[in-house]
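This report concerns only the one structure given below.
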Amino acid sequence: MRVREGRLDETFPHTVRPLLWPHRTTGAPILAVWEQHTDALYEGDTEMDPDASTALIEELYAFLYQPRFTYVHEWREGDLVIWDNHAVQHGRPEVGDRDARTLRRVCVGPQQDLSLFAGRRVS
């Protein structure tokens, strides 16, 4: 879990993003924290106390990753899985290198980057 590994050196590429994003279609707030990416939270432009930040991130993960909110797909040849990449957190456990794996990503829609969130806040 990224948050337990401590902050990355500031020379690594990184970004500060809002904790809540508006869903691009419904406007509903989306919680934007990810186990592999989120290592700190900010209050406005100031980084939160590191211990408080870590505690809050871990509390959010404890809620988000409950079994009742988790779907694990058991892959079979020919499967196609489609999800709302904007609103659904997704990932995979280690897959190893025993079998060949092909992953295809197809983006649908006119806007494909995070710049659409610039300057927007969810209340």
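Some points to look at:
- Qualifying residue in segment 68-88 (condition: at pLDDT 85 or above and touching a helix residue (DSSP H, G or I) at 6+ places or on another chain (Cβ under 7 Å)): no
- Unmet requirement for Tyr42, which otherwise passes all of (1) more than 24 Å from Asp9 (Cβ to Cβ); (2) over 14 Å from the mean Cα position of the chain (by Cα); (3) free of Cβ contacts under 8 Å to residues at least 60 places away in the same chain: (1)
- Among the residues of segment 44-77, those that are part of a loop (DSSP other than H, G, I, E, B) and either of a type in the set (Phe, Trp, Tyr) or over 19 Å from Leu20 (Cβ atoms) (or both) comprise Asp49, Tyr65, Gln66, Thr70, Tyr71, Val72, His73, Glu74, Trp75, Arg76, Glu77.
- Selection count where residues are more than 16 Å from the chain's Cα centre (by Cα) and more than 22 Å from Asp9 (Cβ to Cβ), scope segment 53-72: 4
The values are calculated or read from the model by the stated rules, or taken from the named source; none is laboratory data. All figures in this text were calculated on a predicted structure; none of them were measured in a lab. Ideal geometry is used to build each Cβ from the backbone, glycine not excepted, and the neighbour counts take in all protein chains shown.
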